[in-house]
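Q: One structure, pasted below without further comment.
The values are calculated or read from the model by the stated rules, or taken from the named source; none is laboratory data. What you see is a predicted model, and the numbers here were worked out from it, not measured in a lab. All Cβ positions, glycine included, derive from the backbone under ideal geometry; neighbour counts span all protein chains shown. To get the accessible areas, we keep the full protein, side chains included, count just its heavy atoms, and leave off ligands, DNA and RNA. Shrake-Rupley method; radii C 1.70, N 1.55, O 1.52, S 1.80 Å.
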Amino acid sequence: MLTITVSSLSGGQGKTTTSLFLGRLLSRQGLTTLMLDSDPQHNLTTYLGFELSPNQPTLLEFLKKTVALLDCIYPTQDNDNLFLIPADDQLDTVQDYLSNSGVGATLLKRRLEAIRQIFQVCIIDAPPQRSQICLTVIGAADFLIIPAEASVKGYGSLVRTLDLLSGLRDVGATNASILGVLPFRDRWFGNTQAQESRAAVDGMRDEVGEKLVLPSIRESERYKQAINKRTTLSQLGYTDLEYPFEILIDKIRASVGSK
Ligand code: ATP
Ligand code: MG
């Protein structure tokens, strides 16, 4: 199983949007895909149509191992290859557990080890804060995708995420490398890119190098439409907007193949 964490250390950087479309497309293309919602805001869980009652197991129980791990994994209505470990707002209570465990950053990796034969890809939607949950989901990753708004705020989010990654690598808390940086809400007027967007994307290229900056997710209401209709952009007729995810999926397939 290839584990990919979608992380960016600010709110509203496109983490959940990226996770959702990637998981949906990978699974519809035949890869057995596990999605993991690690944000107590649980937007990914909601977008996938889940309304859990308080006694249903989630990522909280998966991490604490208070129920059988497989009981925390749910099939989705999206398609037969897509599964979810959901979250609810109780997930916040795991922060103390992780910090007291002494192995917080590597705990999720250890748990996922037990199910790695079942799935080909695991996509993790990370929370925006630099919390214990954030450390454990980066600790579990083979690769990181860093979405960042094509703005001053997004550039800052990228820089903070890169700092955290290099700090964690330095102390051996993760082996993750960067699969790509994904500019989010890139604004264009016809053929002209907004000045702030261009400056931000140029800054991203300077930070990680040209090759790691993926084609942008453009500013558009159509992504929200596809999320609300629980479908893909191409099924709504917006195949061109799916391009950044196609490039990512090519990279993921190459890594799944070589693993
Ligand atoms: P959080 O840190 O709060 O979890 P996030 O990084 O997961 O946020 P998203 O929830 O994916 O970010 O996206 C932020 C908002 O942008 C959402 O309301 C989403 O619907 C909206 N959005 C998604 N795609 C686009 C787009 N292409 N253009 C404009 N807005 C978009
Ligand atoms: Mg989110």
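Q: Put a dot 7 Å past each Cα toward the Cβ at Q77 and V159; how far apart are the dots in nm?
A: 4.4 nm
Q: Same structure again: In Å², what does the accessible area per residue of the chain work out to with a 1.4 Å probe?
A: Details: 11410 Å² over 259 residues.
Here the residues of the chain average 44 Å² of exposed surface.
Q: What FRET efficiency comes out for the pair K64/T32, r = Cβ-Cβ distance, R0 = 25 Å, nearest 0.05?
A: Working from the Cβ atoms, E equals 0.50.
Q: I would also like to ask the following. If you stretched the chain out fully between Y97 and R110, how much longer would it get, using 0.36 nm times the residue separation minus the C-alpha to C-alpha distance?
A: Working: separation 13, 0.36 × 13 = 4.68 nm, distance 1.50 nm.
Residue separation times 0.36 nm, minus the Cα-Cα distance, leaves 3.2 nm.
Q: What span do the alpha-carbon atoms of region 2-258 cover on each of the three principal axes, reported in whole Å from largest to smallest?
A: 54, 41, 36
Q: Tell me, what is the percent relative contact order of the chain, built from C-alpha pairs under 8 Å that lie six or more residues apart?
A: About 24 percent, as a whole number.
Q: Another question, then. For Y238 and E221 in the same chain, what is the full-extension length gain: residue separation times 0.36 nm, less their Cα-Cα distance, in nm?
A: Details: separation 17, 0.36 × 17 = 6.12 nm, distance 1.14 nm.
The Y238-E221 span can extend by a further 5.0 nm.
Q: How large is ³J(HN,Hα), in whole Hz, for each residue of region 225-238 in order, when computed from phi with the Karplus curve 6.51 cos²θ - 1.76 cosθ + 1.60 and θ = phi - 60°, using x for Gly and Pro?
A: Computed from phi, the couplings for region 225-238 are 4, 5, 5, 5, 8, 6, 9, 9, 5, 5, 5, 8, x, 10 Hz.
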